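The structure appears right after this line, and notes come after that.
The values are calculated or read from the model by the stated rules, or taken from the named source; none is laboratory data. Keep in mind the model is a prediction, meaning the values are calculated, not measured. Positions of Cβ are generated from backbone atoms using ideal geometry, with glycine treated the same way; all protein chains shown enter the neighbour counts.
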Amino acid sequence: MPRLAPRDDRGFSLVELLIASALFGVVITIVASVVISAINADRAVRDVTGSTTDGQLAVNVIEQTVRNSTAVQVAPVSASQSVTVRLRTTAGGAARCHAFFYDDTLGQILQRSSTTAITAPTPGAAGSEWTVVSAGIEPVIGSGGTPEPVFAAQGARGVALNFTVDGDAGPASLFVTAATGRGPLSNASPQCF
């Protein structure tokens with residue numbers, strides 16, 4: 001009877017180890033690229049969601065205030081893209097002055113409420129009485145390559161909003177809308193502008 005060769009159970013050969021290592025490297029590279037793509041996509045979606053939420057908050061606050069207004073004034077600030085919207089409202093029964101300010105230096109929409117007339121702040125230096133409604137605000141660039149105003153008067157008592165909220169990792173979110181005051185026309189006591 002022929003003798004069988006003894007079995008070699010000492011391990012893998014160098015060629016087998018090199019092939020296994022190369023296959024493992026290819027699999028790890030594919031898995032890592034899928035994971036990195038998923039992380040980047042998640043970051044972009046979160047960024048767009050955040051900028052959309054910020055813009056919707058700003059639009060909702062401004063629209064609600066404009067709709068409750070009895071008088072509206074939109075005024076550009078000096079030679080910049082900054083603009084102020086001043087309103088007189090009677091929401092809650094008491095007359096108050098409200099103002100929204102687009103600060104082109106900081107890229108923010110700020111708001112303020114008072115029982116007296118509100119003056120526009122200096123761009124880049126709004127005081128502590130102004131609160132930030134939304135940041136990352138940029139004017140929409142028109143067809144001629146010039147920025148359009150973030151706030152614009154629309155009729156006697158309306159305000160048009162036209163801006164983007166910049167996303168860090170994703171595209172900017174565009175907001176274009178308008179609101180008109182529904183209260184009885186009045187800028188009596190307090191005189192808001």
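Tabulated data for the structure shown
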{"item": "Leading residue by the ranking (modelled with the lowest pLDDT) among those in the stretch 153-193 that are over 22 Å from CYS97 (Cα atoms) and of a type in the set (A, V, I, L, M, F, W, C)", "result": "ALA169"}
{"item": "Residue check for ALA120: part of a loop (DSSP other than H, G, I, E, B) and in contact with a Leu (Cβ under 9 Å, 6 or more places away or on another chain)", "result": "no"}
{"item": "Residue in the stretch 142-163 that is farthest from THR65 (Cα to Cα), counting only those that are of a type outside the set (Gly, Ala, Ser) and not in a loop (DSSP other than H, G, I, E, B)", "result": "PRO147"}
{"item": "Residue that is without any contact (Cβ under 8 Å) to a residue 40 or more places away in the chain, within 27 Å of ALA172 (Cα to Cα) and not β-branched (Val, Ile, Thr), where the choices are ALA126, ALA153", "result": "ALA126"}
{"item": "In the stretch 136-152, residue nearest to LEU185 (Cα to Cα) [restricted to those that are of a type in the set (Gly, Ala, Ser) and either crowded, with 16+ Cβ neighbours inside 10 Å or at pLDDT 95 or above (or both)]", "result": "ALA152"}
{"item": "Tally, over the stretch 129-141, of residues that are within 13 Å of ASP104 (Cβ to Cβ), in a strand (DSSP E or B) and touching a residue at least 40 places away in the same chain (Cβ under 8 Å)", "result": "3"}
{"item": "Matching option when the condition is part of a strand (DSSP E or B) and not hydrophobic (A, V, I, L, M, F, W, C), among THR70, THR105, THR65", "result": "THR70"}
{"item": "Scope the stretch 135-154; condition closer than 15 Å to THR84 by Cα and among the polar types (S, T, N, Q); matching residues", "result": "GLN154"}
{"item": "Test: residue in the stretch 97-115 that is in contact with a helix residue (DSSP H, G or I) (Cβ under 9 Å, 6 or more places away or on another chain) and over 19 Å from GLN73 (Cα atoms)", "result": "no"}
{"item": "Residue list for the stretch 74-109, restricted to those being touching an Asp or Glu at 6+ places or on another chain (Cβ under 6 Å) and either of a type in the set (A, V, I, L, M, F, W, C) or under 18 Å from GLN154 (Cα atoms) (or both)", "result": "GLN81, SER82"}
{"item": "Of all residues making up the stretch 159-193, the number that are touching a helix residue (DSSP H, G or I) at 6+ places or on another chain (Cβ under 7 Å), of a type in the set (Gly, Ala, Ser) and farther than 15 Å from THR90 by Cα", "result": "6"}
{"item": "Lone qualifier among ALA94, ALA75 - being part of a strand (DSSP E or B) and surrounded by fewer than 19 Cβ atoms within 10 Å (Cβ to Cβ)", "result": "ALA75"}
{"item": "From SER21, SER51, SER37, residue being surrounded by 17 or more Cβ atoms within 10 Å (Cβ to Cβ) and of a type in the set (Ser, Thr, Tyr)", "result": "SER51"}
